[in-house]
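Read through the structure below, which is laid out as structure tokens, and then see the notes.
Laboratory data are not the source of any read-out in this text; all were calculated from the coordinates shown. All of these numbers come straight from a predicted model, not from anything done at the bench. Backbone-built Cβ (ideal geometry, glycine too); neighbour counts: all protein chains shown.
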Amino acid sequence: MRVDDHAPLALSADDLCLPVYVFEPAVMQAHDFDASHQRFINQSLLELDAALRQRGAQLLLLSGNVPEVFEKLHEAFPFSRIVSHEETGNAITYKRDLALKEWTRRKGVEWLEYAQTGVVRRLKNRDHWAGKWLERMTKPIIEAPPRLVLPPHIGDFSFSLMPHVVSDKVTQPGGESKAKETLASFLSSRGRNYQKEMSSPVTAEASCSRLSPYITWGNISLKRVYQASRQVKRADWQPSMRSFQSRLWWHCHFMQKLEDEPEIEFHNFSRAYDGLREDEFNSVYFQAWCEGMTGYPFVDACMRALHQTSWLNFRMRAMLVSFAAYHLWLHWKPCADFLARHFLDYEPGIHYSQFQMQSGVTGINTVRIYSPAKQATEQDPQGHFIRQYVPELANLPAQYLARPELTPPLVQQLYGVRIGVDYPEPIVDEKVALNRAKERIFTVRKTAFAMAEADRVQAKHGSRRT
């Protein structure tokens, strides 16, 4: 949803061009879609239409099943070619792409797709993938075409956005101009201490790039972001810029996993872990986790912050997933579906890969179990973040915020906070829960089947230096 660095749009400038966006009921009614996503899309489409009108075109908004929509469109404007970007989405969009491909075959319509990330279609293996990524990221930026020519009678179609449910979430606004403003502020001031400040939710809100929703929804290209970051020459910025650029690489690395194996949206990377958690799903634990009522303040603060803002820094996302997977022993799939709706920057390839990695079922990654109390002490030592999002504990001294259940009764009385009444006791005993989790995960990890699966997963999905 942009005009800048948009290969399909630039290619279409040499002929009649009809920019189309289709609202798809199957996507909008899916388990991973939220009103906040629709609001961001609407904001982006409004700005895109304005940019197209400045160039003599306009955006055609349609709704329905994509092949059926294009059938009707073809009747009105008999076109011979569709030009778009490649997409690595969920199972619904993959099924839609297959259906559209079949429609184009039947109609004799050419469909040209252009890469917009480092994801490589029909990749045989990961050898030399890093080099291919760099080659794509260093290609020249494609400037927005100055003029576009619409087919005749396009005015017969109305411009109508899809309504979205009013939300009280305070989220980033969509649009290409907002994306560019966010990039500029990150590379001119906010990003200087990115490397040092991205881990704490107290500092990450400002010091992280905050570009993820704009990249996810196509308001800005990954290539433009990468090349702009390379233009930062100040010596004291270089550690942060290198760290940031590596994360752009990881962005595509994880998307490539879903491209290569779409089934990971539904099943474990390593099939050795099938059945490990699925049959023991505790709905009470799950609900407490979803609501930010686990009795672990730093976990609850992160979840509630996400509810309000639709964003959370990476380390805190990893802690949320780790807590669900190990402390609560919840299967990753329902948790992934829930957080997909709450992440404004939900990118399926990154989302499902990371969920499985943080849940210990890839078979090739280190098992990382985060201690919420340790994270609170390290990342929120003064308790600012906990007090902001868990106001029930706001009156407690900082020394008790990480583990409020250890607050002496007299102190609770003094500060007017009753653990177990105003704020819940821990939903599980951490030591007992983690001992059990470690024993079960490592028992599987040591089996011959798990080792064989690890070799298979590493060969197919493991990162390479080149």
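Points worth noting:
- Counting beta carbons within 10 Å around each of 11, 148 and listing the fewest first gives the order 11, 148.
- Euclidean distance between Cα centres, the stretch 258-276 to the stretch 371-399, Å: 36 Å
- Taking the charge dipole of the chain about its Cα centre, with +1 at Lys and Arg Cβ atoms and -1 at Asp and Glu Cβ atoms, the residue from 203, 239, 16 reaching farthest to the positive side is 239.
- Overall, the chain carries a charge dipole of about 1600 debye about its Cα centre when +1 sits on the Cβ of Lys and Arg and -1 on the Cβ of Asp and Glu, all other atoms neutral.
- Cross-link partners for residue 460 among the lysines, with Cα-Cα distance under 18 Å and sequence neighbours closer than 8 places in the same chain left out: 124, 132, 257.
- Separation between Cα centres of the stretch 194-216 and the stretch 413-466, rounded to whole Å: 25 Å
- Per-q log10 I(q)/I(0), the chain, q = 0.12 Å⁻¹ (Debye; single scatterer per alpha-carbon; no solvent): -1.14
- Volume per residue of the C-alpha convex hull in the stretch 7-122, rounded to whole Å³: 123 Å³
- Of the three principal axes defined by the Cα atoms of the stretch 176-261, the extents in descending order read 39, 26, 26 Å.
- 27, 432 arranged by Cβ crowding within 10 Å, fewest neighbours leading: 432, 27
- Per-bin percent of Cα-Cα distances, the stretch 84-148 [10 Å]: 16, 37, 33, 14, 0
- Here the contact order of the chain, divided by its residue count and restricted to Cα pairs under 8 Å and six or more residues apart, works out to 19 percent.
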